[in-house]
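Asks: My questions all concern the structure below.
The values are calculated or read from the model by the stated rules, or taken from the named source; none is laboratory data. Predicted model, so just to flag it, every value in this text is computed and none were measured. Neighbour counts are summed over all protein chains in view; Cβ atoms, including those assigned to glycine, are modelled from backbone coordinates with ideal geometry. Note: accessible area is taken over every heavy atom of the protein model, side chains too, but ligands, DNA and RNA are not part of it. Shrake-Rupley method; radii C 1.70, N 1.55, O 1.52, S 1.80 Å.
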Amino acid sequence: MTSGPAEPLFEAAIFDAELSATTQPVKLFRDTLRRARALLEQRFHAHEDVVALVTHHAQFIDQLLVRAWRYHLGEASSEIALVAVGGYGRGELHPHSDIDIMLLAEEPALGAHGAALERFLLMMWDIGLDIGHSVRTPHDCIEQGREDITVATNIMEARLLSGPEPLFQAMRESTNRHHLWPGRDFFQAKWEEQIARHHKFHDTAYNLEPNVKEGPGGLRDIQMIGWVAKRHFGCETLDGLVEHHFLTEEEYQALIAGQSFLWRVRFGLHLLAKRREDRLLFDHQRNLATLFGYEDDTQHLAVEHFMKAYYRTVMELQRLNEMLLQLFQEEILYASESESPKPINPRFQSRKGFIEAVNDRVFLHTPFALLEIFLILAQQPALKGVRANTIRLIRRHRHLIDEGFRHDLRCRALFMELLRQPQGITHQLRRMNRYGILAHYLPVFGHVVGLMQHDLFHVYTVDEHTLTVVRNLRRFTIAEHHHEFPLCSKVSLQLAKPELLYIAGLFHDVAKGRGGDHSVLGAAEATAFCQQHGLSAYDTNLVSWLVRHHLIMSTTAQRKDISDPEVINQFASQIGNEKYLDYLYLLTVADIRATSPTVWNSWKDALLAELYHVTHKALRRGLSNPMMQGEMISERKREALKQLKLQRVTDTQIEGFWQRLGEEYFLRYSGSEIAWHTRAVLEHGNNPEPLVVLRQQTERGGTEIFLYTPIRGFQFTTSTTLLDQLGLNIVDARILPSRDNYTVDTYIVLENNGEPITGRQRLNEIKSQLQWLLSNPEQAPAKVHRRVARQLSHFPIPPRVIFHDDPHNERTIMEVVASDRPGLLSVIARVMAECRIKLQNAKVSTLGERVEDIFFITDEHNLPLHSAGRRALLEGKILQALES
């Protein structure tokens, strides 16, 4: 707070004197508005109470509007009412909020003074106010309010600024709950409205760039409470809910504190954006973190501290919103229903379909009931939820969950029993998180509640991501969802103890934000949990191993050449047995899918499934009997021959083509792919045109493009550039030369939405453009120029090039890490061509704003890049190209 009296936003006497003397009223109003806005900004930066800023701003606008109204309407102002509605009607205005007004009068007055009203509105826009206005008669208010609850809500918050009081009061009387939208209907409609609004934000407040106003736990949820309180109970302000015993004083203070925090964030957003802005965008997050005094430390950025405070605030507001809506349901929707409570056990009963404690001292006398209630909800899905008074009791008794509670055998048994339920686990874990019980029972989980990672890959807070992982794991076991991930569902049904998988899901990221390797630290936490909860040594080791190694399957699939038997044998040795593989595969899929709604795609699905199958096969053979390259080549040839024979292709034809290919080709492709390529080349015959063939959804999870053409310089560069121009994402590329100087190239591509190509027209477009390009190599496509996504500009990543030796395959592995951008792969391809580097295989992985591309390369003589100078030259040219 600032010391001393603040300079007033508006000095009425001075303004009125200047207005009576000036010939330029617009300039006077505009200058006054600018001065007041500048003062508001100064006060905000001086940390003045935001509640005062918001209300003083509304009061200042009142003064301006009333004077402009009288200036233009004169005596007519006694016939027409100037009414503030919406947020302005509540007396709340942020710097660039819409100023919603209603011009209320009977039809004759509106017709007689239309020109004056138009001059008034034009002046408001000229001086820089964002006016939203409606012109209504009292009858219009009734009819439009009856048809549209948004209009009814707007009118409900009406506040008279100037004009006839009787007219205004008559309108208020005719639109109250006794005439339209009675309390029950109003609440039902507003409740459904909130549900629909939350769905737009995936029912979570934990989005990377949350909406402060509309998102779950945001300001609109607080307004929703206020609207219902006003409509049904006649409360003009939220503190009226305390008088009606719907809120305790402590809960009211928490609600107001949360509102104040969000108001401060929104006020700051408007000032930073210099316009109305309710989205907490990345650049605003950083600026607000600095403005509010957050600082970087050794483990977290200032912006991460700020966003953690934001997320924890909206979580608390969500809890209060849920409790109050439950209270409103009981009071408004179910009040007329008379039903005796049905006993569940000595501690709980069901009333009108909702579980409640039998008395206010249940948790005090039997603390373990704080966990038992969630088990009952999982076991009895007919229960619709928890009664509000019991939600309040749960929140009030959270402090009872201490070390003694955690070591109580009954509590441990209840928690494990919940994880063993055939249904309801995810719902109850989420409910436990909302009520604060999960963080109290698992303090290590409490550390990651509201914890964000400031990047584009992790779009949820750690706690939200974790519970989504558990939800994904559970979904694999539900019959109605088996079509989504058939392999995952099949594997999950084979698990003897799925609860071990859920524990691993709960703990896999629980050590994030501490510094150090979160997998190692999390494994130690998981071990301690399992031991405390009576799991066997074998089960404890399995859970700990899963947490410790939860990233190795995704890393192997996306960063290594899994067509290489050596890679598979090494991975199988790390896994050890088929049971561990089953658990790890399910955890990996669930984890990746829970990272972001857009990160999962069909290519990753196919890649992980392929790794699962080949590793399963290797483990069945035995680690002491690994598959050799020669065996794999023979097996794939047999599989391809079998398919080709069915298509009436002769051995002579097949052998004629296969003799042109080296062993590397048969290692890199499956039997079905070899058969497809062979048939396509044989059907193409001696046609001089380049061969371009496309297959839609393939075993590798995307649309496969097969090119067979004489080797020419810069072919990889031009192909990747064209595919990028066509809006395709290349996720896998394999470039292999034949013995007769042809190149066998395949690309796995996806559309920008992460799906394979659909539609014959789209396939034909791609095919024709590739054929033309390969037939006219001198006509290189232009470089890709597309705007970089706004979010990417906030996460610059210094490009790095890292080399690894791959002596077994006599090649070099080059890893390029950089910020994502259009045309990235074609830029790297151009440099490799200029440096006479041959590409065998490429894996392209985009992790939010970060690209991690893996290239398996040789020099022009098909040898690894042993020379430090050669590597340095290639690295320097790639870095130069990426930074240009």
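Asks: Return the residue satisfying two criteria in turn: it lies in the range 736-755 and is among the polar types (S, T, N, Q), under 42 Å from the mean Cα position of the chain (by Cα) and farther than 17 Å from residue 825 by Cα, and of such residues it is surrounded by the most Cβ atoms within 10 Å (Cβ to Cβ).
Replies: 743
Asks: Still on this structure, I have one more. Among the numbered criteria (1) of a type outside the set (Gly, Ala, Ser); (2) farther than 24 Å from residue 376 by Cα; (3) surrounded by fewer than 16 Cβ atoms within 10 Å (Cβ to Cβ), which one does residue 491 miss?
Replies: Among (1) of a type outside the set (Gly, Ala, Ser); (2) farther than 24 Å from residue 376 by Cα; (3) surrounded by fewer than 16 Cβ atoms within 10 Å (Cβ to Cβ), the lone unmet condition for residue 491 is (3).
Asks: Restricted to the range 324-371, and to residues that are within 23 Å of residue 192 (Cβ to Cβ) and in a loop (DSSP other than H, G, I, E, B), which residue is most open to solvent (accessible area, probe 1.4 Å)?
Replies: Among those residues, the one meeting the criterion is 336.
Asks: Continuing with this model, one more query. Can you go through 81, 13, 68, 36 and tell me which one is over 21 Å from residue 121 (Cβ atoms) and of a type in the set (A, V, I, L, M, F, W, C)?
Replies: Residue meeting the stated conditions: 13.
Asks: When you go through 290, 313 one by one, which is the residue that is in a helix (DSSP H, G or I), out of contact with any strand residue (DSSP E or B) (no Cβ under 9 Å at 6 or more places or on another chain) and surrounded by fewer than 16 Cβ atoms within 10 Å (Cβ to Cβ)?
Replies: When all the criteria are applied, what remains is 290.
Asks: Of 640, 609, 590, which residue is over 18 Å from residue 666 (Cα atoms) and open to solvent by less than 10 Å² (accessible area, probe 1.4 Å)?
Replies: None of the other options fit; the residue is 590.
Asks: Answer yes if at least one residue in the range 777-784 is in contact with a strand residue (DSSP E or B) (Cβ under 9 Å, 6 or more places away or on another chain), modelled with pLDDT under 90 and at negative phi, and no otherwise.
Replies: Within the range 777-784 (the criterion being in contact with a strand residue (DSSP E or B) (Cβ under 9 Å, 6 or more places away or on another chain), modelled with pLDDT under 90 and at negative phi), the answer is no, since none of the residues qualifies.
Asks: If you don't mind, there's one more thing I want to ask. Restricting to the range 863-883, count the residues that are without any contact (Cβ under 8 Å) to a residue 60 or more places away in the chain, over 12 Å from residue 832 (Cα atoms) and surrounded by fewer than 17 Cβ atoms within 10 Å (Cβ to Cβ).
Replies: 7
Asks: Quick one: residue 168 ticks every box in (1) farther than 24 Å from residue 91 by Cβ; (2) part of a helix (DSSP H, G or I); (3) more than 37 Å from the chain's Cα centre (by Cα); (4) not basic (Lys, Arg) bar one, so which box is it?
Replies: So residue 168 meets the others, but not (1).
Asks: If you take the residues of the range 1-56 that are basic (Lys, Arg) and under 27 Å from residue 288 (Cα atoms), which of them is most open to solvent (accessible area, probe 1.4 Å)?
Replies: My answer is 34.
Asks: Checking residue 459 against (1) touching a His at 6+ places or on another chain (Cβ under 9 Å); (2) assigned to a helix (DSSP H, G or I); (3) at pLDDT below 95; (4) β-branched (Val, Ile, Thr), only one condition comes out false. Which one?
Replies: (2)
Asks: Quick one: is residue 30 farther than 30 Å from residue 152 by Cα, in contact (Cβ under 8 Å) with a residue 60 or more places away in the chain and either in a helix (DSSP H, G or I) or out of contact with any Cys (no Cβ under 7 Å at 6 or more places or on another chain) (or both)?
Replies: Spelling it out, residue 30 is indeed farther than 30 Å from residue 152 by Cα, in contact (Cβ under 8 Å) with a residue 60 or more places away in the chain and either in a helix (DSSP H, G or I) or out of contact with any Cys (no Cβ under 7 Å at 6 or more places or on another chain) (or both).
Asks: With respect to residue 298, determine if the residue is open to solvent by less than 30 Å² (accessible area, probe 1.4 Å), of a type in the set (S, T, N, Q) and either closer than 30 Å to residue 516 by Cα or part of a helix (DSSP H, G or I) (or both).
Replies: no
Asks: Right, something else. Against the definition (out of contact with any Asp or Glu (no Cβ under 6 Å at 6 or more places or on another chain), over 19 Å from residue 250 (Cβ atoms) and in contact (Cβ under 8 Å) with a residue 40 or more places away in the chain), how does residue 313 come out, yes or no?
Replies: When the stated conditions are applied, residue 313 does not pass them.
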